[in-house]
Amino acid sequence: MPGRKARTVWIAKQRSDGSLRIRYPGELAGMSGGFFVVRTAWAGLVWKTPFVTMRPGDPCLEYYREGAPAVYLRLMGRGGDLRGWYVDFTEGVRQASGEWAYRDLVLDAFVRPGGQVLLLDVDEFVQWVQGEAAPAEVRQVVAGLSDLTRRLSGALPPFAKRGSTSLRAGNARRSPP
């Protein structure tokens, strides 16, 4: 709307040990399918993998729901083309005083535009589970994986506009080393 000032919100991502990994601003873009949608720019360093490269300033739409076991980041190129989705499995998203905060529970996923799911940081996750992870934290990761699977299979938000892509048996794979 012309003349309407965008609402700035802050994103605070914590490591599994609770320490702050990164904090950055975004613009509250609205609601979609029960999620708060935050428009941001890639705030990290260059992230280059065999399946996607993100550079500082590349546009993202981040989807948050209070208490949710996952945060969904729609990664886009400078022209708005979908590069894929980054999924953080979390202890539970908390919102207070204009800030969305969550504790990353080590395992992450990348969803390619065609729907293929790649699990990231699997070795680190296994070490964490065998070491310091509490059973409740592991259950939260399982809940996040279940939420991702259900949303992809049913083309539910935030994947609703992706068409008929679904998660089929054998479609989840570990990322290449």
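Which pairs do you get when a residue that is without any contact (Cβ under 8 Å) to a residue 60 or more places away in the chain and on the phi > 0 side of the Ramachandran plot, found in region 55-74, comes within reach of a residue that is open to solvent by 10 Å² or more (accessible area, probe 1.4 Å) and aliphatic (A, V, I, L, M), reach meaning Cβ atoms under 7 angstrom, with the pair 6+ apart or on two chains?
Gly57/Ala41
With the requirement that a residue be of a type in the set (A, V, I, L, M), open to solvent by less than 40 Å² (accessible area, probe 1.4 Å) and at pLDDT 90 or above, what does region 154-177 give you?
If the condition is that a residue be of a type in the set (A, V, I, L, M), open to solvent by less than 40 Å² (accessible area, probe 1.4 Å) and at pLDDT 90 or above, then Ala155 is the only one that fits.
Among the numbered conditions (1) open to solvent by less than 70 Å² (accessible area, probe 1.4 Å); (2) over 28 Å from Ala134 (Cβ atoms), tell me where Met31 comes up short.
Looking at each condition in turn, Met31 falls short on (1).
Please enumerate the residues belonging to region 68-79 that are touching a strand residue (DSSP E or B) at 6+ places or on another chain (Cβ under 8 Å), open to solvent by 30 Å² or more (accessible area, probe 1.4 Å) and assigned to a loop (DSSP other than H, G, I, E, B).
Arg78
Please specify each residue of region 135-153 satisfying the condition of being of a type outside the set (Val, Ile, Thr) and either under 10 Å from Ala70 (Cα atoms) or open to solvent by 40 Å² or more (accessible area, probe 1.4 Å) (or both).
Passing the criteria: Pro135, Ala136, Arg139, Gln140, Ala143, Gly144, Leu145, Ser146, Asp147, Leu148, Arg150, Ser153.
The values are calculated or read from the model by the stated rules, or taken from the named source; none is laboratory data. Remember, predicted model here, so these are calculated numbers, not experimental data. Glycine gets a Cβ as well: all are built from the backbone with ideal geometry, and neighbour counts include every protein chain shown. Accessible surface is based on the protein model in full, side chains and every heavy atom, while ligands, DNA and RNA are left aside. Shrake-Rupley method; radii C 1.70, N 1.55, O 1.52, S 1.80 Å.
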